[in-house]
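Where a number appears in this text, it was derived from the coordinates with a stated rule and is not lab data. Remember, predicted model here, so these are calculated numbers, not experimental data. Every residue, glycine among them, receives a Cβ derived from its backbone with ideal geometry; neighbour counts consider all protein chains shown.
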Amino acid sequence: MDLGEGLRKAIAKLTGATIIDAKAIKEFNKELQKALLSADVEVNLVFELTQRIEAEALKEELPAGVSPKDYITNIVYDELVKLMGGSYEPEIKPKRILLLGLYGSGKTTTAAKIAKFYQDRGMSAALLACDVSRPAAYEQLQTLAKQAGVGFFGIKGEKDIRKIIRSGIGELKDKKVIICDTSGRNALDAGLIDELKIVADEFKPDEKMLVINADIGQVAGKQAREFDSAVKLTGVIVTKLDGSGRGGGALSAVKAANVGITFIGTGEKLDAIDLYDSKKFVGRLLGIPDLESLLANVQKAVKEANVTQEEMNPEQLNFNTFYTQLKTMNKMGPLKNVMGMIGLADVPKDVLESSEDKLKKYKVIIDSMTKEERLNEKLLGNSGRIKRIAKGSGTSEKDVRALIGDFNKMKKMFGMFKNNRDFRKQFSKFVPKQ
């Protein structure tokens, strides 16, 4: 169970409460502590937070017209935001960024993500290969640069970092943002510190960012303090938050180390990186909709997929538009993150599994349907039609039924929004007027 799921379950237990008394709060705090400790949040931080929640919750009467769940959720939200740090908004201007990190942090992939982030915002970017110790580091960064569509410079086999940097700065002088990837180690030792100081002295970075894997939990605080002491960091990037149950521990530990979090990695794709905003992060943990981020992601995906407003209209869902919507949502990154923006963090996993292979199979199945079947899913209650479609698409009847099942789940989910005026108002902005 991840941190968000644990927090939501703890809050859900208060839903039926008519009053919030000391006993109810203490029981709630026990569940909250379990969720936070399982996410590797440091023990002292957990108890300090739950003590503040208890004091705040019992300070006054429940406000009129406010449910116990909403009241507690608001208190927990405010305290978690304090625990997880602030937000980061970079200046979009020419700069040099030095990335540091130990083995396994995801530093090289993050370098490409950061370069793409700035290039997507109109700043020509490039990667500078200064990892001279890890085998194939040069080739990996070169490949990622090509995938990201950004510039690249390195000298294969060269061990003199100063030479690489001097040559690279000259070759990349037309690039507005240069990201320097550096060597790692299993631990921060004297040799790595000396090497990083040489790089920093020669490269003269405007920003020095430590890359940390969320899986290390509260150890992130120790790493942040050590690197900050050695080279004076300007920020920390936490990667692999999408698949780590210890991300809360990593984020809170970095905050406790008094080093700001800048970006968070939310998936494997090169655009799966977000500016860190503790309010949005905590909101998603608690199942609070983040329509602002959803809007930005949908607009970008819709533009890339080149789809129309009618194809994205949830009230016009049929098998044709279902495929288009799945394909578009797939461009937005992991569907777990997308559903979190909507406030549906606990959507069943089978609905979230929309890999490219699955989409290809679904397209073949839909192409084997008649025009009438694509427009009216009720026709597929007939087993003979399912058998014919499976045979025509070269798939199994089980595959066809899986498609129908996912379609019905999405239709049910959209039905939840049908009478939601705020959602419809936001949805009207998702795609340009035709």
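The modelled label-to-label distance between K398 and S167, using points 7 Å beyond Cα along the C-beta direction, is 5.6 nm. Annotation: amide H of L233 within the under-5 Å range of D228, sequence separation 5 or more or interchain, hydrogens built in the peptide plane.
Using a cut-off of 24 Å between Cα atoms, the listed pairs K9/K82; K173/K240; K197/K280; K23/K59; K93/K173; K146/K358 include K173/K240; K197/K280; K146/K358 as exceeding that distance. Our estimate of slack between A22 and L317, defined as 0.36 nm per intervening residue step minus the Cα-Cα distance, is 101.4 nm.
In this structure, the residue pairs whose Cα-Cα separation is over 19 Å, taken from K95/K116; K176/K269; K113/K269; K208/K255, are K176/K269. Modelled spin labels at I155 and R385, positioned 7 Å past Cα toward Cβ, are 6.8 nm from each other.
Calculate, for L359 and K204, the FRET efficiency according to 1/(1 + (r/R0)^6) with r their C-beta to C-beta distance and R0 41 Å; round to the nearest 0.05.
On the way: r = 46 Å, r/R0 = 1.12.
According to the calculation, E is roughly 0.35.
Loop-resident GluC sites (Glu not before Pro) (DSSP state other than H, G, I, E or B) in the stretch 22-98 with no more than 16 further Cβ atoms inside 10 Å of their Cβ: E60, E61, E91.
Which part of the stretch 230-265 falls in the paramagnetic zone of E89, meaning amide N under 17 Å from the point 7 Å along Cα-to-beta-carbon? Those under the cut-off are 261-263. Residue by residue, the stretch 264-273 carries 3J(HN,Hα) couplings of 10, x, 10, x, 8, 5, 5, 9, 8, 8 Hz when phi is fed to the Karplus relation 6.51 cos²θ - 1.76 cosθ + 1.60 (θ = phi - 60°); x denotes Gly or Pro. Once the chain from L275 to N44 is taken as fully extended at 0.36 nm per residue, the excess over their C-alpha distance is 80.4 nm. Between rounded, prolate and oblate, where does the stretch 124-264 land on the alpha carbon gyration tensor, with a ≥ b ≥ c its root eigenvalues, rounded for a/c under 1.5, else prolate if a/b exceeds b/c? It comes out prolate by the Cα gyration axes. The label-point distance for K222 and T370, in a model that sets each label 7 Å from Cα toward Cβ, rounds to 6.8 nm.
Suppose R0 equals 45 Å; then what is the FRET efficiency for D194 and L58 from their Cβ-Cβ distance, rounded to the nearest 0.05?
On the way: r = 54 Å, r/R0 = 1.20.
Efficiency for this residue pair is about 0.25.
Kindly flag which residue pairs out of K279/K360; K175/K361; K360/K411 have an alpha-carbon separation exceeding 30 Å in this structure.
From the list (K279/K360; K175/K361; K360/K411), the Cα-Cα distance tops 30 Å for K279/K360; K175/K361.
Let me know the charge dipole size of the stretch 33-151 about its Cα centre in debye, to the nearest 20, where only the beta-carbon of Lys, Arg (+1) and Asp, Glu (-1) is charged.
Details: 14 positive and 15 negative charges, 181 e Å.
That gives a dipole near 860 debye.
Per-residue Karplus couplings for the stretch 220-226, computed as 6.51 cos²θ - 1.76 cosθ + 1.60 with θ equal to phi - 60°, are listed in order as 4, x, 5, 4, 4, 5, 5 Hz, Gly and Pro entered as x.
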